[in-house]
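What follows is a short report on a single structure.
The values are calculated or read from the model by the stated rules, or taken from the named source; none is laboratory data. What you see is a predicted model; the values in this text were computed from it and never measured. For neighbour counting, all protein chains shown are included, and Cβ atoms are generated from backbone atoms with ideal geometry for every residue, glycine included. Ligands, DNA and RNA are excluded from the accessible area calculation, which covers all protein heavy atoms including side chains. Shrake-Rupley method; radii C 1.70, N 1.55, O 1.52, S 1.80 Å.
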Amino acid sequence: MPGAMPAASAQKSPHAPAWEVPPLPYAENALEPHLSAKTLSFHYGKHHMGYAAKLKELVQGTPFAAMSLEEIIKATADKADHKAVFNNAAQVWNHTFYWRCMRPGGGGEPDVALTQRLIKDFGSPQAFVEQFRAAAMGVFGSGWAWLVDVAGVLKIVQTSNADTPIAHGQKPLLTIDVWEHAYYLDYQNRRADYVQAFMTYCIDWSFVAKNLGVA
Ligand code: FE
């Protein structure tokens, strides 16, 4: 039982504390003009870091403190009495993954191996982009659109609020955050323009390919 361990065991665990957020993989202004330094500063510095601080506050002194972020998410998914832990843990994970889905000078075309997979499961890379864009636009309220691998088949799914595919046994390959905090400073209510900029200029196809194991 993790709960029986002395508190010091958390320090010896092989994984980083669940509330530890990696640095942004690029400078705050690196995605300009598509996403401004101001957006990244608030989104990473206030929202992402805020979820992490809240998670730390919630799990310290509990058995969750010794678990990895993924373990916490899986242990609290669909548990009404641990909703706040799940929400903050999932948002920490989702945001760390989201930052890596973009890169300065991103966009363009996926490489040959990924293109073949997109053709197999969506018909063409263009059809995938259109379906992914529609999924991002179709999220009602706050949430995420994802490309996931479900037992070898690529699928597009939506999640609401903090929910994450890793709570449902799906392997995330790509995500876009469509909470208003992700785009409001730059695009106000124009989610379509944000999604377009993400897909055209920011997406890191090599990260998607790496997640799929074809890079
Ligand atoms: Fe966000």
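Distance between the pseudo-spin-label points of Val214 and Gln126 (7 Å out from Cα toward the beta carbon): 1.8 nm. Here the spin labels are modelled as points 7 Å beyond Cα on the Cα-Cβ line, and at Val112 and Ala134 they lie 3.1 nm apart.
Estimated from the Cβ-Cβ distance and a Förster radius of 25 angstrom, the FRET efficiency linking His47 and Lys79 is about 0.60. Largest accessible area first, the listed residues Val153, Val139 line up as Val153, Val139 when surface is computed with a 1.4 Å probe on the assembled protein chains. In the stretch 47-117, one over the average inverse separation of all distinct C-alpha pairs is 13.9 Å, which is the Kirkwood hydrodynamic radius. Apolar share of the accessible surface for the stretch 158-215: 46 percent from carbon plus sulfur atoms, 1.4 Å probe.
Each of Phe86, Ala66, Tyr98 was placed along the dipole of the stretch 37-100 (beta-carbon charges, centred on the mean Cα), and the one lying farthest toward the positive end is Tyr98. Using a cut-off of 28 Å between Cα atoms, the listed pairs Lys120/Lys210; Lys79/Lys171; Lys38/Lys83; Lys155/Lys210; Lys120/Lys171; Lys56/Lys155 include Lys38/Lys83; Lys56/Lys155 as exceeding that distance. Taking 0.36 nm per residue of separation and subtracting the current Cα-Cα distance, fully stretching the chain between His181 and Asp193 would add 2.9 nm. What is the calculated FRET efficiency for Ala30 to Ser160, with r their C-beta to C-beta distance and R₀ = 30 Å, to the nearest 0.05? It comes out at approximately 0.55.
Taking all protein chains into account, the per residue accessible area for the chain stands at 48 Å² (1.4 Å probe). A cut-off of 5 Å between modelled amide H atoms, ignoring neighbours fewer than 5 places along the same chain, links Met102 with Asp204. Charging the Cβ of each Asp and Glu at -1 and of each Lys and Arg at +1, and nothing else, the dipole of the chain about its Cα centre rounds to 220 debye.
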